[in-house]
Amino acid sequence: MRYCLVFFLACVACGAPAQTYPSRPIRVLIPFPAGSAADIIARAMEPQLRERLGQSLVIDNRGGAGGNIAAEMTAKSAPDGYTIMMATIGTHAINHSLYSRLPFHPVRDFTPVTLVGDSPNALVTTPRVQANSIQDLIALAKAKPGQLNYGSSGSGTTVHLSGELFSVMTGIKMVHIPYKGATEALTGLLGGQTDLMFASLSSSIPLIRSGKLKAFGVTGAQRSRSLPDLPTVAEAGNLPGFAATAWFGIVGPAGVAKPSVATLNKAALETLNTQEVKDRLFNSGVEVRSSTPEDFARLIESEMAKWAKVVKASGAKVD
């Protein structure tokens with residue numbers, strides 16, 4: 001009789017339903033410090049995501065190494081859906097070609113959840129720099145080869161690669177100075193440590209509107225709705241084909257269960273469709289671009305191929 005009871009209880013345990021996901025807080029790794037575009041986007045989404053998932057989200061900024069620190073942490077996390085990351089074009093498209101060795105693969109080691117949005121950068125400088133247009137800036141750089149420098153939020157970001165692409169297409173030589181994040185890079189620019197920057201709109205719009213920074217153009221293929229009077233770099237610099245747009249999306253480590261991915265995707269898409277989040281991101285220069293996990297996976301692969309060509313043409317490399 002005792003053995004029958006043990007067998008019965010074991011069968012009940014085996015057939016017991018698994019806990020509904022999520023049943024505890026979710027950690028969201030941000031590959032750059034507070035104030036970066038990825039950080040601004042994550043914090044704008046967090047309240048609505050928390051409401052839809054029924055669990056708190058812990059924002060964890062792990063900046064450094066062009067976003068690779070957070071990406072490696074995500075890739076090596078348990079695939080249980082409780083560690084996700086705000087991926088960027090740098091961590092999941094550019095760095096694969098830029099860095100000699102990466103401790104992760106952007107496709108094999110991650111589970112895409114959804115694209116979140118995209119944003120161009122703005123070519124900005126300070127009033128102390130003797131240039132009032134892109135043409136002036138190009139002329140200044142050619143008159144002083146190798147003497148102008150530009151800051152970035154880290155090697156491998158579009159802030160960095162926009163500068164490399166600009167140098168290649170204009171035939172100028174500039175020195176790249178990477179910082180740990182956007183806030184630090186903008187502080188360096190405002191403090192006179194650097195001459196210019198291809199800053200993300202999300203971090204630079206307030207400084208542009210206040211007059212602390214001069215903006216010459218946006219790096220997208222079209223003008224930004226957030227700054228409609230600012231021309232594109234291609235327009236203002238007579239550089240047809242110049243385009244560099246940063247994108248952001250949610251990923252988890254490889255192997256996250258499909259039902260958990262579906263739950264995250266649904267919550268993220270509903271969040272991005274709220275007017276509150278749309279407005280907050282728009283005011284930061286970010287256009288909402290949601291997707292299925294499959295479409296986001298295809299975007300990552302195509303962007304890896306695209307930026308591999310830019311990195312090769314520029315000769316940029318980080319060891």
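Quick notes
- Label-point separation in nm, A305 to T187, each point 7 Å along Cα→Cβ: 4.2 nm
- Dividing the helix sum by the residues of the chain, where each DSSP H run of 4 or more adds -39500 (n - 2.57), gives a mean residue ellipticity at 222 nm of -12500 deg cm²/dmol.
- Taking only the Cα atoms of the chain, the ratio Rg/Rh comes out at 1.07, with Rh defined as the Kirkwood radius.
- Sparse-neighbourhood loop sites, trypsin sites (Lys or Arg not before Pro) in segment 98-160 - DSSP loop, at most 11 other Cβ within 10 angstrom: R101, R108, R128
- By accessible area, using a 1.4 Å probe on protein heavy atoms only, the chain has 56% of its surface on carbon and sulfur.
- Per residue, the accessible area of segment 254-319 comes to 56 Å² when a 1.4 Å probe rolls over the protein heavy atoms.
- Whole-angstrom gap from segment 255-319 to segment 84-152, using each part's C-alpha centre: 16 Å
- Taking all protein chains together and a 1.4 Å probe, the residues E164, E184 rank E184, E164 from largest to smallest accessible area.
- Column: log10 I(q)/I(0), Debye, Cα scatterers of segment 274-319, q = 0.14 Å⁻¹: -0.59
- Per residue, the solvent-accessible area of segment 104-213 (1.4 Å probe, heavy atoms of protein chains only, all protein chains present) comes to 36 Å².
- Per residue, the Cα convex hull of segment 59-186 amounts to 124 Å³.
- Pairs of Cα atoms nearer than 8 Å and 6+ residues apart set the relative contact order; for segment 219-298 it is 26 percent.
- Probe 1.4 Å, all protein chains present, accessible-area order of T274, T263, largest first: T263, T274
The values are calculated or read from the model by the stated rules, or taken from the named source; none is laboratory data. Keep in mind the model is a prediction, meaning the values are calculated, not measured. Please note: Cβ atoms are built from the backbone with ideal geometry, for glycine as well, and neighbour counts cover all protein chains shown. For the accessible areas, the whole protein counts, side chains as well, though only heavy atoms, and no ligand, DNA or RNA atoms are used. Shrake-Rupley method; radii C 1.70, N 1.55, O 1.52, S 1.80 Å.
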